[in-house]
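Okay, structure first, notes after.
The values are calculated or read from the model by the stated rules, or taken from the named source; none is laboratory data. Worth saying up front: this structure is predicted, and the values here are computed from it rather than measured. Don't worry about glycine lacking a Cβ; one is built from the backbone with ideal geometry, like all the others, and counts go over all protein chains shown.
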């Protein structure tokens, strides 16, 4: 197999596996802030119990995210040396900012979050929770900024020629606030909030169905559902804003999203279908006529730039982009429906009585994960054949010395290691779920007090019986 294809498959595999965990960390981090904030406000030990349990899940996902993310940096140097040289000055500043402003902040307060319950004051511990959550989101900021620069380069100039050409930053803030970074960041963060929220919803629904840790599960589910309602609706808004931006900065990608070939025609919005690229048509498709034109221009008769406007060498593979994009959108609407359905029964007071809905909640944890992966696939494949849009083709970014056999060997090795890591993650996650939440210290003190009172009563009665016997 071609070395370029293998290198792309390897990087896609490693980043897809890594991307399971950061969204969970970001989403759970926000929920931890809400739960611990409720504990400080109400002094209800149930919220302390909830926070301590979900901290364990957060720590697990954070650790897995760090372990699986390191490999990608080495792949830049081994498989994509020309690309690394080209974007090194740009990515160097963004990734250095992530290390200074995000990773150090997150990891610096992580020990207090996990181990500092009895070492610092409640307010200091809450501050650490906020800093860890903020750090996880700041990390996403700089990663998205770097990736968005590939999509819509800004604030740079090119120095050198040929394989020695590279981009240098001329305006740092223009690079940070490139045309797509804000829209893409808001969309990524809302997807991460959904991932964390539905993990909380899933585990809580499981406990309710099993009739264990019921009070804990009901309170956790309500918080998770509240976050899911907001995030799912916000995701719809940010998705629309992102598509509006793509229509201006990457029109070929938007045309591939909807398999729109003819520029002169008003663009329909497809619900589903199968793209025949040779015939330039969508088979078995159902579309809303003019709807894409209306969403982009506010007028259903205004044409949208089609793929025929671009040479065949500058078009992305249409069908895979079309399918991944539409499956992502379908899952997004399904998550909105599930969230609003939960809100409806919550308002009716029967949320925890609908067994069928709780079963849906248990499996809903897969929805955000699949949608997040499909979103990245459609965005990255839709950028092809460019690795830096309009500047550097993917085929030109490959290392000149790398061979197919070397990539195949490392791909097999990574697959085995990641399979073991994923099995370990599932084992540890299941272990923590099966163990359940620990009783808060206030509960333990109350139980100890009751045991002491019972023991004193027993001693008192025993002394009475002894005196009567004498």
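How many residues, within the range 347-366, are part of a helix (DSSP H, G or I) and surrounded by fewer than 21 Cβ atoms within 10 Å (Cβ to Cβ)?
So the first thing to find is which residues in the range 347-366 are part of a helix (DSSP H, G or I), and the list is 347-348, 351-353, 355-363, 366.
If we keep only those that are surrounded by fewer than 21 Cβ atoms within 10 Å (Cβ to Cβ) as well, we get 347-348, 352-353, 355-357, 359-360, 362-363, 366.
Adding up the residues that qualify gives 12.
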**Request:** Would you mind stating whether residue 121 is free of Cβ contacts under 8 Å to residues at least 40 places away in the same chain and either in contact with a helix residue (DSSP H, G or I) (Cβ under 8 Å, 6 or more places away or on another chain) or not assigned by TED's automatic domain parsing to the domain that holds residue 338 (or both)?
**Result:** no
**Request:** Inspect the range 242-259 for any residue being in contact with a strand residue (DSSP E or B) (Cβ under 6 Å, 6 or more places away or on another chain), assigned to a helix (DSSP H, G or I), touching a residue at least 24 places away in the same chain (Cβ under 8 Å) and crowded, with 22+ Cβ neighbours inside 10 Å and give the result as yes or no.
**Result:** no
**Message:** I want to confirm something. Restricting to the range 374-405 and keeping residues that are surrounded by fewer than 20 Cβ atoms within 10 Å (Cβ to Cβ) and assigned to a helix (DSSP H, G or I), which single residue is nearest to the chain's Cα centre (by Cα)?
**Reply:** 376
**Message:** Being surrounded by fewer than 19 Cβ atoms within 10 Å (Cβ to Cβ), in contact (Cβ under 8 Å) with a residue 12 or more places away in the chain, touching a helix residue (DSSP H, G or I) at 6+ places or on another chain (Cβ under 6 Å) and not in a loop (DSSP other than H, G, I, E, B) narrows it down to one residue among 72, 50, 64; which is it?
**Reply:** 72
**Asked** Scanning for something touching a helix residue (DSSP H, G or I) at 6+ places or on another chain (Cβ under 7 Å), farther than 30 Å from residue 392 by Cβ and touching a residue at least 24 places away in the same chain (Cβ under 8 Å), does the range 308-328 turn up at least one residue?
**Response** no
**Request:** Determine which member of the set 111, 102 is closer than 27 Å to residue 59 by Cα and surrounded by fewer than 15 Cβ atoms within 10 Å (Cβ to Cβ).
**Result:** 111
